[in-house]
1. In Å, what Kirkwood hydrodynamic radius results for the stretch 106-188 from the alpha-carbon pair distances?
2. What FRET efficiency, computed as 1/(1 + (r/R0)^6) with R0 = 25 Å and r the Cβ-Cβ distance, is obtained for Arg172 and Val83, rounded to the nearest 0.05?
3. Quick one: if the Förster radius is 35 Å, what FRET efficiency do Glu179 and Ser56 give, using the C-beta to C-beta distance and rounding to 0.05?
4. Restrict the search to the stretch 41-121; then list the chymotrypsin sites (Phe, Trp or Tyr not before Pro) that DSSP places in a loop and that have at most 15 other Cβ atoms within 10 Å of their Cβ.
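Derivation of every value follows stated rules applied to the coordinates shown; laboratory data play no part. Fair warning: this is a prediction, and the values are worked out from it, not measured in the lab. A quick note on method: Cβ atoms are made from the backbone with ideal geometry, for glycine too, and the neighbour counts reach across all protein chains shown.
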Amino acid sequence: RVTFMMILGPQGNTWFRPVHTLEYKEHLMVGYRGFDTKGREVQFPFGHGLSYTEFSLTACTLSSDRIPWDRVSASGDSLEGEVLLTASCTVENTGNKPGAQVVQIYIHEPHPPLRRPEQELKGYAKVHLGPGETRQIDIPLNGRSFMCYDPDRSAWRVDPGRFEIRWGFSSRDIRGAAEVTLLKPGKQ
């Protein structure tokens with residue numbers, strides 16, 4: 001047997017305390033995407049971490065500077081699609097203590113056909129290094145890494161053109177950049 005107690009007074013009476021429906025809407029320019037796009041200063045940028053040591057990031061390279069369109073379209077919009085590009089770099093612990101650092105890959109489209117953030121996180125890798133230790137990091141990028149959602153079509157979309165790949169330790173601590181071109185259909 002279950003009994004219920006009716007709450008009397010303002011907290012249970014909707015005449016005194018109306019019930020409101022709240023709607024949560026999230027859009028593309030939330031968080032670091034919006035702050036970076038609008039150039040707003042923040043105390044702790046996205047991806048910022050604290051460490052007892054220092055790191056350097058060098059030799060930022062891409063496996064190719066051109067991606068054929070047929071590889072992009074074949075990769076589809078799957079999160080597990082074919083690796084189109086590998087972003088590599090060398091991380092060195094330049095301090096005197098062991099530590100960990102997260103290398104982050106951001107993609108920037110200079111002239112997007114749709115509204116896009118200044119840059120979007122598309123890959124990352126965490127590395128643990130002893131003092132003076134160096135390691136090469138390879139971060140794969142697939143077709144979905146270059147896509148953005150088109151609300152008018154209700155579908156993911158990618159357009160041929162230039163993209164800038166950025167390496168960094170946070171969204172505001174970019175240490176290297178390189179360009180890649182997604183070729184138009186029929187071009188090699």
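1. Working: mean 1/r = 0.0682 Å⁻¹.
After inverting the pairwise mean of 1/r, the radius is 14.7 Å.
2. So the FRET efficiency works out to roughly 0.35.
3. Given R0 = 35 Å and the Cβ-Cβ separation, E is 0.95.
4. Of the chymotrypsin sites (Phe, Trp or Tyr not before Pro), the ones in loops of the stretch 41-121 whose Cβ has at most 15 other Cβ atoms within 10 Å are Tyr52.
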